[in-house]
Amino acid sequence: MEKPSFDVRYLFPNFFTALSAFLGVLSIIAAIHHHIEKAAWLIFISLVLDGLDGRVARLTNATSKFGMEFDSLADIVAFGVAPAILFYQAIGYQYGKFGSMVAALFVVFGAIRLARFNVMASGDPSVFVGVPIPSAAIFVAGWVLLYEKYHLQAFGGVIVWMSLGVALLMVSNVRYPSFKRLDLHKTQVFKILIVMIIVAALLYLYPAEVVTFGITLYIFLGVVRAAYFLFKRKVRYNNGKRLSKENNE
């Protein structure tokens, strides 16, 4: 009986996943030795690799159950443990048990977020339920990087609370756009190109600042959008209740 031939298509996406996990471990080691900037940038690079593995898998039609599970395990290292250690080594240790708790909850809630994503994979592909763990990792790593770069010791407590907040948002029901499937019209291509060039230029000048403020805006707008729809639903409910009462009278 002829053995099934090895399909090289499955090699490339899993290679990017492995490389993402590898850089995550290097980030942990760098953070332990208090090389904060290096640790943060390794997490940023891991994000790029994490984005590549899924896109390569879809382009080559090489998606698999193994790839999905491997990606989740790599993500918990690169975007769960690595940013938690980075946060603790740079800021969290100054806040005793509370800082330890925030770092631990970030990893635990990140693992729950990944597990929920896997079981909800057949849902709406245009949105994420809760902040994706790579976005949360970039948020924490970015603010730690700015904390070190601009000596923001006076705002250490704010960053601790923001890190706790983004950890909670990972297990929330707040919806965030996924950007995996963008339906762009031909008339929009030119505008998108201009925006991309401007963003690329800003990244060249201020890479850490642009990435950090960009991911912060993404997370903040998700919360504002959820609050708006919650308020709108409450107003609609109250109006319906009032109309029903008037009709009964």
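The values are calculated or read from the model by the stated rules, or taken from the named source; none is laboratory data. Note that the structure is a prediction, hence the values are computed from the model and not measured. For neighbour counting, all protein chains shown are included, and Cβ atoms are generated from backbone atoms with ideal geometry for every residue, glycine included.
Residue 79 fulfils the conditions (1) out of contact with any Asp or Glu (no Cβ under 9 Å at 6 or more places or on another chain); (2) under 23 Å from residue 221 (Cα atoms) except for a single criterion, (1). Somewhere in segment 151-164, is a residue closer than 28 Å to residue 69 by Cβ, in contact (Cβ under 8 Å) with a residue 12 or more places away in the chain and surrounded by 14 or more Cβ atoms within 10 Å (Cβ to Cβ)? Yes; the residues of segment 151-164 include at least one that is closer than 28 Å to residue 69 by Cβ, in contact (Cβ under 8 Å) with a residue 12 or more places away in the chain and surrounded by 14 or more Cβ atoms within 10 Å (Cβ to Cβ). Any chance segment 116-134 includes a residue that's more than 12 Å from the chain's Cα centre (by Cα), surrounded by fewer than 21 Cβ atoms within 10 Å (Cβ to Cβ), modelled with pLDDT of 90 or more and assigned to a helix (DSSP H, G or I)? Scanning segment 116-134, I find no residue that is more than 12 Å from the chain's Cα centre (by Cα), surrounded by fewer than 21 Cβ atoms within 10 Å (Cβ to Cβ), modelled with pLDDT of 90 or more and assigned to a helix (DSSP H, G or I), so the answer is no. Per the listing 179, 190, the residue uniquely modelled with pLDDT under 95, surrounded by fewer than 16 Cβ atoms within 10 Å (Cβ to Cβ) and assigned to a helix (DSSP H, G or I) is 190.
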